[in-house]
Amino acid sequence: MSLPQNKAAEVKPRAFERFVPVDHTRVAFDGGFWQSWSETVRSVTIPTQHRRLEEEGFLEVLDFEKPPSPLVRPIQPSGLSMQHFFDSDFGKWIEAASYTLKNHPDPDIEAKIDAIVERLEHGQMPDGYLNSWFIRREPDKRWTNLRDLHEMYSMGHLIEGAVAYFEATGKRRFLDVMIRAVDHIIDTFGTEPGKLRGYDAHEEVELALVKLYRLTGDPRHLKLATYFVDERGRMPSYFDEETRRRGENPADYVYGTYAYSQAHMPVRNQTQVVGHAVRAMYLFSAMADLAYENDDPSLKHACDRLFDNLIGRQLYITGGLGPSASNEGFTREYDLPNTTAYAETCAAVALGLWSHRMAQLDLDSKFTDALETILFNGALSGISRDGEHYFYENVLESHGQHRRWKWHYCPCCPTNIARFITSLGQYFYSAKRDEIAVHLYGANTAELEIQGQFVRLRQETSYPWDKDVLLALGLVAPTRLTFRLRIPGWCRNARLWVNGEQMDLGASLEKGYAVVNREWVDGDEIRLTFEMPVERLYAHPAVGEDAQRVALKRGPVVYCVEETDIGTEPQRLRISADTNLTPRFDETLLGGAVVLEGEALEADAEDWGPTLYCNRPPSLKGRTFKAIPYHLWANRDEGAMQVWLTEK
């Protein structure tokens with residue numbers, strides 16, 4: 001496989017270096033927690049998602065020679081139809097499927113991708129423009145409403161799919177289609193005379209362009225991504241200008257403020273995470289990429305401020321983000337309702353992308369702690385254990401009204417969680433020069449090349465259910481390397497051994513990573529132990545909804561209580577502050593998981609009578625209860641669920 005264009009050989013000194021993630025295809029999950037999830041997504045999720053795209057009429061939009069059929073998704077009051085961005089779902093599905101093909105060739109899946117690519121290529125306009133909605137339905141209105149209609153957002157996901165498919169198969173057809181589309185965008189947008197000085201309100205193309213640049217080495221791709229990020233928030237707003245050109249009043253904008261799309265001020269001036277959650281995370285991911293590629297510390301500093309604001313004031317304990325359905329995003333700091341939590345699966349995935357990028361620029365465990373929380377909780381909850389049912393919203397409390405669905409009116413989340421899991425290997429390790437960073441733990445075998453030296457790593461562990469991790473090294477020759485091993489922020493007592501000799505962990509810690517530098521030989525072993533007592537966690541006093549409540553966590557896994565396990569709504573439970581909670585591995589629970597068991601009190605309504613209100617509190621009776629990992633809820637019988645339990 002050859003790159004379309006060689007990268008420039010010149011290397012200049014940088015303000016900071018970057019760890020480079022391992023190729024996900026070089027990491028094999030050969031046991032443990034992630035093996036079954038990865039296999040389910042590959043063998044069940046990918047095929048069924050393509051079937052849903054057919055059944056729901058999505059692929060019909062690529063019949064460019066036929067007159068358009070009636071809308072599958074009608075126009076909303078905002079003027080937007082979900083059908084405006086169906087192309088993005090093809091892009092994400094192709095990306096997810098491509099991540100599986102190199103290690104698991106599948107002629108049927110490859111043929112399905114090729115069929116979509118052929119239709120996209122056939123419909124592409126001579127000037128390179130590619131968007132199924134506008135080509136078939138409103139060709140005269142293309143590029144007239146960047147504020148609302150997601151044209152470049154869709155192209156961005158197609159670009160990511162094309163890059164992934166090329167890297168998996170070496171086939172250039174899709175890549176060439178999208179390079180022509182990018183050429184058209186370059187000819188249309190920018191600060192040069194005669195070009196539109198606009199950008200898409202729904203960020204995504206920016207990070208896709210950096211991916212394309214890293215593949216092609218074409219500086220125009222990097223320049224375009226940089227333009228879109230730098231131009232965002234410039235006043236007077238381009239969105240106002242284009243709205244007036246359409247004969248409309250900018251004051252009538254349904255979301256009121258351009259903070260909805262993080263376009264209310266230049267990105268380097270932003271200090272609080274606002275607006276639509278997915279858009280924000282995609283933007284910040286691109287900013288992190290560009291901070292490195294352009295050697296621009298100002299973007300890194302902006303990302304640091306925004307990350308700390310999100311983690312410290314606006315993130316659910318599960319890693320979910322964006323509490324409001326009205327804007328699919330943020331409201332105010334510390335506003336974290338449970339029953340009405342939006343916490344879109346796509347937003348958690350996108351935060352994972354941003355956290356991972358930040359960790360490569362600044363090896364600080366706060367970034368990978370966030371990534372791990374998302375993986376085991378707020379993102380993984382978005383897909384069922386059977387691999388073909390989903391959540392769009394990930395609430396932290398339900399009275400039984402929330403059930404998983406096989407497809408959604410706006411099905412952005414299924415393909416997003418699929419591409420996250422199928423590319424999971426890249427999040428475990430990264431390297432630069434003679435250093436290897438170990439970010440995540442789970443049974444796998446990985447192959448890396450460090451300064452021309454082959455390094456094989458094997459993790460043996462039952463993490464996150466068990467505290468012990470063994471890393472065994474395979475080397476051709478003795479090699480001096482530095483290992484940087486993340487010590488999870490949730491762990492209060494960790495220990496480290498190298499070839500049986502216990503190390504002084506406190507003396508070796510740098511930003512939450514244990515640093516071990518030595519000459520290594522084939523067969524060397526690193527052992528880690530992360531003590532995993534059950535923890536009771538409490539919310540900041542400003543989070544009024546969680547006052548006098550407690551959440552349960554063990555290791556990286558957040559727990560919840562489901563009605564199906566206790567026979568009543570968990571909202572009736574009262575957990576004592578000194579209740580002994582016992583972890584137990586339950587092999588019968590959805591493939592096996594550690595559950596928590598303990599004593600509780602239950603508010604008893606038997607002697608309450610017919611009245612709604614009473615001048616005395618309810619009586620309490622003792623009982624046992626069981627809590628299960630949050631990511632496994634709503635996989636069994638219908639019923640209520642609660643993460644934040646009342647503490648008595």
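The values are calculated or read from the model by the stated rules, or taken from the named source; none is laboratory data. Predicted model, so just to flag it, every value in this text is computed and none were measured. All Cβ positions, even for glycine, are placed from backbone atoms using ideal geometry, and neighbour counts span all protein chains on display.
I'd like to check something: does the range 420-442 contain any residue that is in contact with a Gly (Cβ under 9 Å, 6 or more places away or on another chain), modelled with pLDDT of 95 or more and of a type in the set (G, A, S)?
Checked the range 420-442: at least one residue is in contact with a Gly (Cβ under 9 Å, 6 or more places away or on another chain), modelled with pLDDT of 95 or more and of a type in the set (G, A, S).
Out of A302, A291, which single residue is in contact with a Cys (Cβ under 9 Å, 6 or more places away or on another chain) and either assigned to a helix (DSSP H, G or I) or in the same structural domain as L351 (by TED's automatic domain parsing) (or both)?
Details: A302 fails: in contact with a Cys (Cβ under 9 Å, 6 or more places away or on another chain).
After applying the criteria, what remains is A291.
So, of the residues in the range 518-567 that are part of a strand (DSSP E or B) and among the aromatic types (F, W, Y), which turns out to be surrounded by the most Cβ atoms within 10 Å (Cβ to Cβ)? Steps first, answer last, please.
To start, the set of residues in the range 518-567 that are part of a strand (DSSP E or B) comprises 518-520, 525-530, 534-537, 549-554, 557-562.
This time we only want the ones that are among the aromatic types (F, W, Y), so: 520, 530, 559.
On the way: W520: 21, F530: 22, Y559: 24.
Ranking the qualifying residues of the range 518-567, first place goes to Y559.
Kindly indicate which of V594, V558 is in the same structural domain as R623 (by TED's automatic domain parsing), touching a helix residue (DSSP H, G or I) at 6+ places or on another chain (Cβ under 6 Å) and under 17 Å from V534 (Cα atoms). Walk me through how you get there before you give the answer.
Details: V594 fails: touching a helix residue (DSSP H, G or I) at 6+ places or on another chain (Cβ under 6 Å).
After applying the criteria, what remains is V558.
Taking the range 145-170 as the search range and keeping residues that are surrounded by 17 or more Cβ atoms within 10 Å (Cβ to Cβ) and not in a helix (DSSP H, G or I), which one is farthest from the chain's Cα centre (by Cα)? Even if it seems obvious, please write down each step before you answer.
To start, the set of residues in the range 145-170 that are surrounded by 17 or more Cβ atoms within 10 Å (Cβ to Cβ) comprises 145-169.
Restricting the remaining residues to those that are not in a helix (DSSP H, G or I) gives 145-150.
Details: N145: 28, L146: 25, R147: 24, D148: 23, L149: 23, H150: 20 Å.
Among residues in the range 145-170 that are surrounded by 17 or more Cβ atoms within 10 Å (Cβ to Cβ) and not in a helix (DSSP H, G or I), the one farthest from the chain's Cα centre (by Cα) is N145.
So in the range 481-524, with the set limited to residues that are in contact with a helix residue (DSSP H, G or I) (Cβ under 8 Å, 6 or more places away or on another chain) and charged (D, E, K, R), which one is farthest from F367 (Cα to Cα)? Walk me through how you get there before you give the answer.
Of the range 481-524, the ones in contact with a helix residue (DSSP H, G or I) (Cβ under 8 Å, 6 or more places away or on another chain) are 486-490, 494-496, 511-516.
With charged (D, E, K, R) added as a condition, the list becomes 486, 495, 511.
On the way: R486: 11, R495: 21, K511: 10 Å.
Residue satisfying both the conditions and the ranking: R495.
Can you tell me which condition L120 does not meet? The list is (1) buried (at least 22 other Cβ atoms within 10 Å of the Cβ); (2) outside any helix (DSSP H, G or I); (3) over 25 Å from the mean Cα position of the chain (by Cα), and all the others hold.
The failed condition is (2).
Those residues that are outside any helix (DSSP H, G or I) and surrounded by fewer than 23 Cβ atoms within 10 Å (Cβ to Cβ), I need them from the range 362-376; list them, please. Outline the logic, then answer.
From the range 362-376, those outside any helix (DSSP H, G or I) are 362-364; that's our starting set.
The answer is D362, D364.
Consider the range 590-607. How many of its residues are within 22 Å of V558 (Cβ to Cβ) and outside any strand (DSSP E or B)? Talk me through it step by step, then tell me what you get.
Taking the range 590-607 first, the residues within 22 Å of V558 (Cβ to Cβ) are 590-600.
After this cut, where a residue has to be outside any strand (DSSP E or B) as well, the list is 590-592.
Adding up the residues that qualify gives 3.
Considering W490, W465, W407, which residue is closer than 30 Å to R636 by Cα, touching a Lys or Arg at 6+ places or on another chain (Cβ under 6 Å) and either in contact (Cβ under 8 Å) with a residue 60 or more places away in the chain or of a type outside the set (S, T, N, Q) (or both)?
Numbers: W490 fails: touching a Lys or Arg at 6+ places or on another chain (Cβ under 6 Å); W465 fails: touching a Lys or Arg at 6+ places or on another chain (Cβ under 6 Å).
Testing whether each residue is closer than 30 Å to R636 by Cα, touching a Lys or Arg at 6+ places or on another chain (Cβ under 6 Å) and either in contact (Cβ under 8 Å) with a residue 60 or more places away in the chain or of a type outside the set (S, T, N, Q) (or both) leaves just W407.
Please state which one of L321, L336 is crowded, with 24+ Cβ neighbours inside 10 Å, in contact (Cβ under 8 Å) with a residue 24 or more places away in the chain, over 15 Å from the mean Cα position of the chain (by Cα) and under 20 Å from V557 (Cα atoms). Walk me through it before giving the result.
Details: L321 fails: over 15 Å from the mean Cα position of the chain (by Cα).
That would be L336, the only listed residue that is crowded, with 24+ Cβ neighbours inside 10 Å, in contact (Cβ under 8 Å) with a residue 24 or more places away in the chain, over 15 Å from the mean Cα position of the chain (by Cα) and under 20 Å from V557 (Cα atoms).
Can you find a residue in the range 13-32 that is hydroxyl-bearing (S, T, Y), in a helix (DSSP H, G or I) and either at pLDDT 90 or above or under 26 Å from A359 (Cα atoms) (or both)?
Narrowing the range 13-32 to residues hydroxyl-bearing (S, T, Y): 25.
Those left that are additionally in a helix (DSSP H, G or I): 25.
Subsequent filtering for residues that are either at pLDDT 90 or above or under 26 Å from A359 (Cα atoms) (or both) retains 25.
Among the residues of the range 13-32, at least one is hydroxyl-bearing (S, T, Y), in a helix (DSSP H, G or I) and either at pLDDT 90 or above or under 26 Å from A359 (Cα atoms) (or both), which makes the answer yes.
Quick check on the range 46-100: of everything there that is β-branched (V, I, T) and more than 20 Å from the chain's Cα centre (by Cα), which residue is nearest to R119 (Cα to Cα)? Even if it seems obvious, please write down each step before you answer.
Of the residues in the range 46-100, the ones β-branched (V, I, T) are 46, 48, 61, 72, 75, 94, 100.
Right, trim to more than 20 Å from the chain's Cα centre (by Cα) and you get 48, 61, 72, 75.
Values: T48: 21, V61: 10, V72: 19, I75: 25 Å.
Looking at residues that are β-branched (V, I, T) and more than 20 Å from the chain's Cα centre (by Cα), I get V61.
Taking the criterion of being within 24 Å of the chain's Cα centre (by Cα), within 27 Å of T331 (Cα to Cα) and among the small types (G, A, S), would at least one residue in the range 218-234 satisfy it?
No, because not a single residue in the range 218-234 is within 24 Å of the chain's Cα centre (by Cα), within 27 Å of T331 (Cα to Cα) and among the small types (G, A, S).
Could you list, in sequence order, the residues of the range 616-648 that are assigned to a loop (DSSP other than H, G, I, E, B) and in contact (Cβ under 8 Å) with a residue 12 or more places away in the chain? It would help to see each step written out before you state the result.
If we filter the range 616-648 for residues that are assigned to a loop (DSSP other than H, G, I, E, B), which is where we start, we get 616-618, 633-640, 643-644, 648.
Passing the criteria: P618, W633, A634, N635, R636, D637, E638, G639, A640, V643, W644, K648.
Condition first: in a loop (DSSP other than H, G, I, E, B), farther than 19 Å from C346 by Cα and in contact with a strand residue (DSSP E or B) (Cβ under 7 Å, 6 or more places away or on another chain). Now tell me which residues in the range 395-449 satisfy that.
First, pick out the residues of the range 395-449 that are in a loop (DSSP other than H, G, I, E, B): 395-396, 399-404, 406-411, 423, 428, 433-434, 439-443.
Those left that are additionally farther than 19 Å from C346 by Cα: 399-401, 428, 433-434, 439-443.
F428, D434, H439, Y441, G442, A443 - these are the residues of the range 395-449 that are in a loop (DSSP other than H, G, I, E, B), farther than 19 Å from C346 by Cα and in contact with a strand residue (DSSP E or B) (Cβ under 7 Å, 6 or more places away or on another chain).
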